[in-house]
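First up is the structure itself, then whatever we jot down about it.
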Amino acid sequence: MLEKLVNSYVTVEEADAYFVNTLQSEEWNKFDTSVKEKALITATRQIDRLPFSSRKLDLYQNLEFPRVSTNLAFTDGIPDVVVYATCEQALFVLKGGSKRQELQKQGVKSYSLGDLSETFTDNLSPAEKTICPEALAYLRKFMLGSVAIC
């Protein structure tokens, strides 16, 4: 387990197990092990750039999790939702992200296609613009500005 925590929250085997019973399993299985591993490392790096509340469990740990908080005390291990978020983000990376996020990163404020139009708000941080909605939903409770509801 220590090896995994050096650069990723999830091993390829864990991600394979996560996706096995999902609608995304065929998409995930299109990629070989080395590509999946790189995607998991990339996803972890992207997640670790988010503004988390609380602090790292160990000041010298490589990754942002595990964390200690007054609301949510984590003393060891990686929360399941961080594992899920990493898996979702890795697949998102492999699929090329979203066109909407790519437009926002390029500074596009709105666009129109025929009768349809969309205007982007500018209330997301740059890191949040790179995280897929599924992963972000899993991670929200750990982020600055969120409130734990008990």
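The values are calculated or read from the model by the stated rules, or taken from the named source; none is laboratory data. The structure displayed is predicted, hence computed values, not measured ones. Positions of Cβ are generated from backbone atoms using ideal geometry, with glycine treated the same way; all protein chains shown enter the neighbour counts. We work out accessible area using only protein heavy atoms, side chains counted, and drop any ligands, DNA or RNA first. Shrake-Rupley method; radii C 1.70, N 1.55, O 1.52, S 1.80 Å.
Listed values, structure above:
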item: Helices (runs of 4 or more DSSP H) completely within the stretch 1-119 that count 2 or more residues being farther than 24 Å from Met143 by Cβ, modelled with pLDDT of 85 or more and open to solvent by less than 30 Å² (accessible area, probe 1.4 Å); result: 12-19, 25-28
item: Residue satisfying condition, being touching a Phe, Trp or Tyr at 6+ places or on another chain (Cβ under 8 Å) and over 12 Å from Glu88 (Cα atoms), within set Ser53, Ser34; result: Ser53
item: Complete set of residues in the stretch 1-50 that are basic (Lys, Arg) and closer than 16 Å to Val82 by Cβ; result: Lys4, Arg45, Arg49
